[in-house]
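K.L.:
Starting off with a structure, shown below.
The values are calculated or read from the model by the stated rules, or taken from the named source; none is laboratory data. Predicted model only: the values in this text are computed from it and were never measured. When we count neighbours, we look across all protein chains shown, and the Cβ atoms used for this are built from the backbone with ideal geometry, even at glycine. Accessible surface areas use protein heavy atoms only, side chains included; no ligands, DNA or RNA. Shrake-Rupley method; radii C 1.70, N 1.55, O 1.52, S 1.80 Å.
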Amino acid sequence: MQLIDKLSVLADAAKYDVSCASSGAPKRSSKGKSGLGATDGMGICHSFTPDGRCVALLKILLTNFCLYDCQYCVNRRSSDVPRARFTPEEVVSLTLDFYRRNCISGLFLSSGIIRSADYTMEQLVRVARLLREEHEFRGYIHLKTIPDADPLLIAEAGRYADRLSVNIELPTETSLIRLAPEKQVVTIKHAMHTIHQGETEASAEKRAPRFAPAGQSTQMIVGADSTDDSTILQTAQSLYGSYRLRRVYYSAFSPIPHSPNTVPFAAPPLMREHRLYQADFLMRGYGFNASELLSGPGNLALDIDPKLAWALAHRDQFPVDLNRAEPMMIARIPGIGMLSAKRLVDLRRHKRIRFEDLTRLRCSLEKAKPFVITQDYRPSLAGHESAMLRQHLRDTPAQLALW
């Protein structure tokens, strides 16, 4: 098979892993039309560095051959998709060629399981080692970790890669046993522990070799089983607390050709994935617990964002006086983010907060108005029922195309 044909197959096969990409863009293409470009292509994805820079990554699989038969995966053993396999040297060559042409800033590499977990991990590590040692490649490298691989191989991967990730795949052990019987939660979490231990040891000793400086992440598939959002968020919160993950990514299940009857034939609303990302951000950056966002079993509302849903469920804590409230409480007001909350606290050291200050800080006034008190403003809707406010402030949910 020609290299370009392999690239076409293995770049397309990698698109289902969302660990470095956004799936929120509408589907557009210039194929057969005037214009240039498309939003549904594959091969190069975009990721963001901690300082906010957007970087392009070559996103491919080493191979889409796989010993496992995970029911939700297009590359499962029983699937009839076209198969291909790169050699480590071919991946290195592609990465360097794209980099020299200024198309990418790094590599995102995953793989199906071939021969064994150790053999597959050895091949992934070989790619990173060749790039770093033989070619002195200093760009970004993200390697997917094979959970059952020898911890020594995972440790070696951490010395070459900027980020490692182990996909938890599904939120519950029951679902994993049913849909991916070759995988085990205990081995996935053991791999996460190995990475976390490597990070801890590297940070504890200044002269220690670097180890995955961009941390580790994971991915959960949403809608492949009946697990609700409450369980998904509880699982994410547990992973953040136990292994200090940088990110949990949520991927709306995409129906696959000739899929078995153990998985749905229709995709979940993409808005559900979006709401999970919003809730995840509130847990990571705003101090919310999963139990606050969903106090019992069920899914997040699709018509309003999780912060607004929380505020409507806790009307007794509003309206909030911006001249007196604690910074974290100000940040919980719908329409006001962490940066705006900090600026308001800084501003009130010099003057009383007025409503026009919210306008200057570009807060979302429509959402914030019913929940704030300023020197010159008190909401007229404060006494209205939450149902009326919800109807007034609701979004219009839309089912977007996945690719």
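K.L.:
Mind checking which of I60, I330, I154 has the largest fluctuation in a GNM of the chain, springs on alpha carbons under 10 Å?
P.N.:
Most flexible of the set in this elastic network: I330.
K.L.:
Out of the DSSP beta bridges found with both residues in the chain, what percent are antiparallel (nearest 5)?
P.N.:
On the way: 8 of 31 bridges.
If we restrict to bridges inside the chain, about 25 percent are antiparallel.
K.L.:
Something else about it: When the chain is modelled as a GNM with alpha-carbon springs shorter than 10 Å, which of K59, K351, K342 fluctuates the most?
P.N.:
K351
K.L.:
Once the Cβ-Cβ distance between S93 and D118 is put in as r, and R0 is 22 Å, what FRET efficiency do you end up with, to the nearest 0.05?
P.N.:
0.35
K.L.:
Hey, how much of the P(r) for the chain falls beyond 27 Å, as a percent of Cα pairs? Don't skip to the answer; put the middle values down first.
P.N.:
On the way: 45295 of 81003 pairs.
Every Cα pair in the chain considered, those over 27 Å come to 56 percent.
K.L.:
With charges set only on the Cβ (+1 for Lys and Arg, -1 for Asp and Glu), what does the dipole of segment 284-403 come to about its Cα centre, in debye to the nearest 20?
P.N.:
Charge dipole of segment 284-403: 520 debye, to the nearest 20.
K.L.:
Find the accessible area per residue for the chain; the probe is 1.4 Å, ligands and nucleic acids are left out, and the unit is Å².
P.N.:
49 Å²
K.L.:
What are the chymotrypsin sites (Phe, Trp or Tyr not before Pro) within segment 196-299 that DSSP puts in a loop, where the Cβ has at most 11 other Cβ atoms within 10 Å? Present the calculation step by step, with values, prior to reporting the outcome.
P.N.:
Working: sites: F211, Y240, Y243, Y249, Y250, F253, F265, Y277, F281, Y286, F288; in loops: F211, F253, F265, Y286, F288.
Within segment 196-299, the qualifying chymotrypsin sites (Phe, Trp or Tyr not before Pro) (loop, at most 11 other Cβ atoms within 10 Å) are F265.
K.L.:
How fast does segment 166-258 diffuse by Stokes-Einstein, in µm²/s, taking the Kirkwood radius from C-alpha pairs at 37 °C and 0.692 mPa s?
P.N.:
Taking Rh from Cα pairs, D becomes 228 µm²/s.
K.L.:
Right, here's the next one. Would you report the distance distribution of C-alpha pairs in segment 306-393 as whole percents per 5 angstrom bin, up to the bin with the largest distance?
P.N.:
Distribution as computed: 3, 15, 30, 28, 16, 7, 2, 0 percent.
K.L.:
For M328 and T187 in the same chain, what is the full-extension length gain: residue separation times 0.36 nm, less their Cα-Cα distance, in nm?
P.N.:
That pair, M328 and T187, stretches by 47.0 nm at full extension.
K.L.:
Does segment 206-320 classify as rounded, prolate or oblate by the C-alpha gyration tensor (a ≥ b ≥ c root eigenvalues; a/c under 1.5 gives rounded; else a/b over b/c gives prolate, otherwise oblate)?
P.N.:
Oblate.
K.L.:
In whole angstrom, and with the biggest value first, how far do the Cα coordinates of segment 55-96 range along each principal axis?
P.N.:
Result, largest extent first: 34, 23, 15 Å.
K.L.:
Calculate, in nm to one decimal, what R178 and V81 gain on full extension: separation in residues at 0.36 nm each, minus their alpha carbon distance.
P.N.:
Working: separation 97, 0.36 × 97 = 34.92 nm, distance 2.25 nm.
Result for the pair: 32.7 nm of gain on full extension.
K.L.:
Counting pairs of alpha carbon atoms under 8 Å apart in space and at least six apart in sequence, what relative contact order in percent does the chain give?
P.N.:
Relative contact order, the chain: 12 percent.
K.L.:
Hey, any idea what % of the chain's accessible area is carbon plus sulfur with a 1.4 Å probe?
P.N.:
Working: 10030 of 19580 Å².
So the carbon and sulfur contribution to the accessible surface is 51 percent.
K.L.:
I need to check one value: relative contact order of segment 118-266, counting alpha carbon pairs closer than 8 Å and at least 6 residues apart, in percent. Working shown, then result.
P.N.:
Details: 211 pairs, mean separation 32.9, N = 149.
22 percent.
K.L.:
Return the whole-Å distance between the Cα centroid of segment 321-395 and the Cα centroid of segment 272-288.
P.N.:
Each part's Cα centre sits 20 Å from the other's.
K.L.:
If you don't mind, there's one more thing I want to ask. Report the charge-dipole magnitude of the chain in Debye, nearest 20, computed about the Cα centre from +1 at each Lys and Arg Cβ and -1 at each Asp and Glu Cβ. Don't skip to the end; give the middle numbers.
P.N.:
Details: 52 positive and 43 negative charges, 285 e Å.
That gives a dipole near 1360 debye.
K.L.:
Under a 10 Å cutoff between Cα atoms, tell me which one of L62, L276, L322 has the largest fluctuation in the Gaussian network model of the chain.
P.N.:
Looking only at L62, L276, L322, the largest GNM fluctuation is found for L322.
K.L.:
Right, something else. Could you sort out which of K342/K367; K59/K206; K307/K342 sit more than 26 Å apart by Cα distance in this structure? If you can, show how the numbers build up before the last one.
P.N.:
Values: K342/K367 18 Å; K59/K206 32 Å; K307/K342 18 Å.
In this structure, K59/K206 exceed 26 Å between Cα atoms.
K.L.:
A follow-up question, please. Longest span of the chain, sites excluded, free of GluC sites (Glu not before Pro) in DSSP loop with at most 16 other C-beta atoms within 10 Å?
P.N.:
The answer is 206-384.
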